[in-house]
Amino acid sequence: MMTDISALKAGLIADIDAADTPDAVEALRVGALGKNGVITGLLKTLGPMSPQERLEQGPPIQDLRESVTAAIAARKAALESAALDARLASEKIDMTLPADPAPQGSVHPVAQVMDELAEIFADLGFSVATGPEIEDDWHNFTALNIPETHPARAMHDTFYFPDAEGQKRMLLRTHTSPVQIRTMMTTPPPIRIIAPGRVYRSDSDATHTPMFHQIEGLVIDKGITLGHLKWTLETFLKAFFEREDIVLRLRPSYFPFTEPSVEVDVGYTLANGQRVIGGDGDAPDGGWLEVLGSGMVNRRVIESCGLNPDEWQGFAFGTGVDRLAMLKYGMNDLRAFFDGDLRWLKHYGFSALDVPTLSGGVGA
Ligand code: DAH
C-alpha cells in the first residue's frame with residue numbers, strides 16, 4: 001500500500017511537472033482531486049477504517065493530497081508566469097511612434113461665413129436677430145408690402161403647409177426679411193440688426209437649392225439716408241473680401257419692402273483667367289457681380305410694424321450667404337454645400353482650431 005501511494009505520488013507529480021498548458025494541469029487536477037479523482041477515492045477509504053488502520057494509512061494519503069495540490073499550484077503559477085513573459089516579450093510598445101491622429105471635424109463654409117458676417121457687423125454696432133423658419137403669410141409677405149395679389153409672391157416659389165381650418169396659413173419662410181418685421185414689432189428703435197438663417201424655395205439647379213442661407217440687415221433710426229446704406233455696405237464688403245479696392249455699383253431696382261430699392265454689384269477683375277472680387281468692374285478685364293438687394297425701408301413696412309414713418313427711417317439689405325461663401329472661397333456648385341459629402345467638406349471646410357477669422361483669431 002505504501003509503495004503504491006509513493007509510486008502514485010511520483011507518477012502524478014511527474015505528470016504535473018510535464019504538463020505544458022493550464023488546461024492539461026487542470027485535467028490532471030480533476031483526475032486526482034476531482035469528485036471521482038484517484039486521491040478523492042483514497043480519502044474516501046479512510047471513513048470505514050478502524051482507528052488503528054486510519055492512524056497508519058491516513059498520513060501517507062493526506063501527504064499525497066497535499067503534495068499533489070502543491071505541485072498543481074506550483075505548475076499553474078509557473079505556466080502563468082511563462083505566458084506573461086511571452087506576452088511581455090511579444091507585445092512591445094514603441095513610445096517613440098507618432099500617435100494615431102484623433103478624428104477632427106471641420107467648420108462648414110456656411111457656418112464660417114456666418115461667423116465672419118456676425119463679426120464684421122458686430123464691429124459696426126449690429127446685433128444678431130433670429131426668427132422662425134416656419135412663418136405665417138403676414139410676416140413673410142403682407143407686412144413686407146407684398147399683398148395677396150402681388151406678383152412678387154409668385155417669384156418666391158413658396159412651400160406652403162396644408163391649410164388648416166380656422167388657422168393662419170403657414171409656410172417655410174422664403175427670405176430672412178420677416179425678421180425685420182418681428183424685430184421692429186418687438187424692439188423700440190434705434191435698431192441695428194443682422195438676421196442670418198435658413199430660407200426655403202421650391203427651386204433646384206446648380207445655383208439654387210430648396211434650402212439656402214440668407215442674411216438680412218436692418219437699420220431703423222432718425223435721419224437715415226441712402227448714404228448710410230452705401231457706406232455700410234462698402235465697409236462690410238471690404239471687410240468680408242479682405243480687400244480695400246472693392247468697388248460698388250448701385251443700380252435702381254424694385255423690392256416691395258424698400259423705396260427706393262437698389263441692387264448692389266461688386267467689381268471683379270480677371271487674374272489668371274479667374275474672376276477675383278475687387279477692382280473696377282468697368283476695367284477692360286473686369287465685370288460686375290450682383291451681391292445684394294437693398295434699399296430704404298418702405299414707409300408702409302414701418303407703418304405695418306406700428307412705427308411712425310415720419311419719425312423713423314432706415315435701410316435694409318439682404319443677400320445669400322452661400323453665394324457669398326462661393327465668391328470668397330471659390331466654390332462653384334451650390335448643391336455640394338448640402339450633400340454632406342465629407343470629402344467636399346475636407347477640401348473646403350475649415351479646421352475648428354485654424355479658422356481664418358477676420359480679427360486674426362483668439363489671442364490676436
Ligand atoms: N428678401 C429679398 C430676397 O429674398 C432680399 C432683399 C432685398 C432683402 C432687398 C432686403 C432688401 O432687406 O432691402 O430676394
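Values as computed for the structure displayed
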{"quantity": "Accessible carbon and sulfur surface of segment 102-163 relative to its total accessible area, %, 1.4 Å", "calculated": "60"}
{"quantity": "Distance (nanometres) between label positions extended 7 Å along Cα→Cβ at Lys346 and Ser50", "calculated": "9.1"}
{"quantity": "Mean separation of Cα contacts under 8 Å, 6 or more apart, over the residue count of the chain: relative contact order %", "calculated": "15"}
{"quantity": "Accessible area of Asp282 in the full protein assembly, 1.4 Å probe (Å², nearest 10)", "calculated": "110"}
{"quantity": "Val107, Val266, ranked by accessible area, largest first (probe 1.4 Å)", "calculated": "Val107, Val266"}
{"quantity": "Estimated Rh, segment 68-113: Kirkwood, alpha-carbon pairs, angstrom", "calculated": "15.6"}
{"quantity": "Euclidean distance of C-alpha centroids, segment 307-343 and segment 1-42, integer Å", "calculated": "85"}
{"quantity": "Label-point separation in nm, Ala122 to Arg335, each point 7 Å along Cα→Cβ", "calculated": "3.7"}
{"quantity": "Calculated from backbone phi, Karplus (6.51, -1.76, 1.60) coupling profile of segment 275-280 in Hz, x at Gly/Pro", "calculated": "6, 10, 4, x, x, 7"}
{"quantity": "Net +/- balance of residues flanking Leu43 in space, Cβ distance below 13 Å, scoring K and R +1, D and E -1", "calculated": "+2"}
{"quantity": "Spatially proximal aspartates and glutamates relative to Lys9 (Cα-Cα < 15 Å; intrachain offsets below 8 disregarded)", "calculated": "Asp17, Asp63, Glu66"}
{"quantity": "Nearest-10 value in Å² for the accessible area of His108, using the 1.4 Å probe", "calculated": "50"}
{"quantity": "Of all accessible heavy-atom area on segment 1-59, the percent that carbon and sulfur account for (1.4 Å)", "calculated": "63"}
{"quantity": "Segment 109-348 - Debye-derived log10 I(q)/I(0), Cα point model, q = 0.14, 0.17 Å⁻¹", "calculated": "-0.95, -1.37"}
{"quantity": "Coarse-grained scattering of segment 243-364 at q = 0.11, 0.17 Å⁻¹, given as base-10 log I(q)/I(0) from a Debye sum over alpha-carbon atoms", "calculated": "-0.59, -1.02"}
{"quantity": "Most mobile of Thr69, Thr149, Thr232 in a GNM of the chain (Cα contacts under 10 Å)", "calculated": "Thr69"}
{"quantity": "FRET efficiency, 1/(1 + (r/R0)^6) with R0 56 Å, evaluated for Ala102 and Glu311 via beta carbons", "calculated": "0.45"}
{"quantity": "In segment 109-348, lysine pairs closer than 29 Å at Cα, eight or more apart or cross-chain", "calculated": "7"}
{"quantity": "Isotropic mean projected area of the C-alpha convex hull, segment 2-90 (nm²)", "calculated": "5.9"}
{"quantity": "Simple label model, 7 Å out from Cα along Cβ direction - Ser202 to Ala14, nm", "calculated": "9.5"}
{"quantity": "Two-decimal ratio, segment 161-225, of alpha-carbon radius of gyration to 2.2 N^0.38 Å", "calculated": "1.43"}
{"quantity": "Cβ-Cβ FRET estimate between Ile93 and Glu26, R0 fixed at 25 Å, reported to 0.05", "calculated": "0.20"}
{"quantity": "Kyte-Doolittle mean at least 0.0 and Cα axial length at least 15 Å: DSSP H helices in the chain", "calculated": "2-18, 22-33, 109-123, 226-241"}
{"quantity": "Within-15-Å neighbourhood charge of Met326 [Cβ basis; K, R +1; D, E -1]", "calculated": "-2"}
{"quantity": "Per residue, in Å², the accessible surface of the chain once ligands and nucleic acids are set aside, probe 1.4 Å", "calculated": "55"}
{"quantity": "Exposed GluC sites (Glu not before Pro) absent: longest stretch of the chain, with sites in DSSP loops and at most 16 other Cβ within 10 Å deemed exposed", "calculated": "1-90"}
{"quantity": "Amide proton proximity set for Val291, modelled H, under 5 Å, gap of 5+", "calculated": "Val264, Asp265, Val266"}
{"quantity": "Kirkwood Rh and Cα Rg combined as Rg over Rh, evaluated for segment 1-54", "calculated": "1.07"}
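The values are calculated or read from the model by the stated rules, or taken from the named source; none is laboratory data. From a predicted model like this one, the values you see are computed outputs, not experimental measurements. For neighbour counting, all protein chains shown are included, and Cβ atoms are generated from backbone atoms with ideal geometry for every residue, glycine included. Areas reflect the complete protein model, heavy atoms only, side chains present, ligands, DNA and RNA absent. Shrake-Rupley method; radii C 1.70, N 1.55, O 1.52, S 1.80 Å.
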